[in-house]
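The values are calculated or read from the model by the stated rules, or taken from the named source; none is laboratory data. On a predicted model such as this, the values are computed, not experimentally measured, just so you know. Here the Cβ positions follow ideal geometry from the backbone for every residue, glycine too, while neighbour counts run over all protein chains shown.
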Amino acid sequence: MKNIVILISGGGSNMAAIVRAAERDRWADRFGARIAAVVSNKAEAGGLALAKSHGIDTAVVPHKDFATREAFDEALAKVVDGYSPALVVLAGFMRILTPGFVGRYAGRLVNIHPSLLPAFPGLNTHQRAIEAGCKVAGVTVHQVTTELDHGPILAQAVVPVLPDDTAATLAGRVLAQEHLLYPRAIAGWLSDTSSHNR
């Protein structure tokens, strides 16, 4: 069974969309894959309760308990490695990961970003898209590399920018697309790795 570990920091709406898709589309039967664990750097992350309600293991590694990013990432990796993950999914995990952590999961670490990369890496993507006069915005699922919000693109979805959009209204429409795109991109990755292993 291919284990998927999802990292979250908050409510976990993308994680919830992935969990629902895995159950609905029977990833265990189709790809031999399951969501093995949801791990957070915050004990109060709302997504942990949702994961538990689906019978998924949860763990908390509080980043404030560690003096350095490296020490936190090492502790996080120990928990993640306990599940022998085929794929590690960042779903609203609000920590910049060290090169050591990224390298450890090279080729099997994915993230979602609320812009059409390579445009608008980093924060405040919706406001920046509006201020730049973009006619479209969107969302990107990509493999994680040591360069922030770069790495091979797995999937993208386009969202129109409406004349009266604010950052908040645009963010809401982009998030709706994230919930559709992320599970689809992961299913695509699982399908590709399944066919390569035949």
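Tabulated data for the structure shown
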{"read-out": "Count - residues of segment 87-101 that are touching a Phe, Trp or Tyr at 6+ places or on another chain (Cβ under 9 Å), surrounded by fewer than 20 Cβ atoms within 10 Å (Cβ to Cβ) and either at pLDDT 95 or above or in a helix (DSSP H, G or I) (or both)", "value": "1"}
{"read-out": "Matching residues in segment 1-30 - criterion: being in contact with a helix residue (DSSP H, G or I) (Cβ under 7 Å, 6 or more places away or on another chain), part of a strand (DSSP E or B) and among the hydrophobic types (A, V, I, L, M, F, W, C)", "value": "V5, I6, I8"}
{"read-out": "Residue within segment 106-115 that is surrounded by 15 or more Cβ atoms within 10 Å (Cβ to Cβ), modelled with pLDDT of 95 or more, more than 27 Å from L76 (Cβ to Cβ) and under 14 Å from the mean Cα position of the chain (by Cα) present", "value": "no"}
{"read-out": "Matching entry among A155, A137, A119, A132 (being over 15 Å from the mean Cα position of the chain (by Cα) and touching a residue at least 24 places away in the same chain (Cβ under 8 Å))", "value": "A137"}
{"read-out": "Selected residue (criterion: surrounded by the fewest Cβ atoms within 10 Å (Cβ to Cβ)) from residues of segment 5-45 that are closer than 13 Å to I186 by Cα and β-branched (V, I, T)", "value": "V19"}
{"read-out": "Yes/no for V174 being touching a Lys or Arg at 6+ places or on another chain (Cβ under 6 Å) and either farther than 22 Å from D25 by Cβ or surrounded by fewer than 20 Cβ atoms within 10 Å (Cβ to Cβ) (or both)", "value": "no"}
{"read-out": "Any hit, segment 102-112, residues being part of a helix (DSSP H, G or I), within 22 Å of N41 (Cα to Cα) and touching a strand residue (DSSP E or B) at 6+ places or on another chain (Cβ under 8 Å)", "value": "yes"}
{"read-out": "Some residue of segment 164-185 being touching a helix residue (DSSP H, G or I) at 6+ places or on another chain (Cβ under 8 Å), in a helix (DSSP H, G or I) and polar (S, T, N, Q)", "value": "no"}
{"read-out": "Residue tally, condition part of a loop (DSSP other than H, G, I, E, B) and surrounded by 15 or more Cβ atoms within 10 Å (Cβ to Cβ), over segment 136-163", "value": "6"}
{"read-out": "Members of segment 31-77 that are part of a helix (DSSP H, G or I) and small (G, A, S)", "value": "G47, A49, A51, S53, A71, A75, A77"}
{"read-out": "Residue that is surrounded by the most Cβ atoms within 10 Å (Cβ to Cβ) [pool: residues in segment 46-73 that are touching a residue at least 24 places away in the same chain (Cβ under 8 Å) and charged (D, E, K, R)]", "value": "D73"}
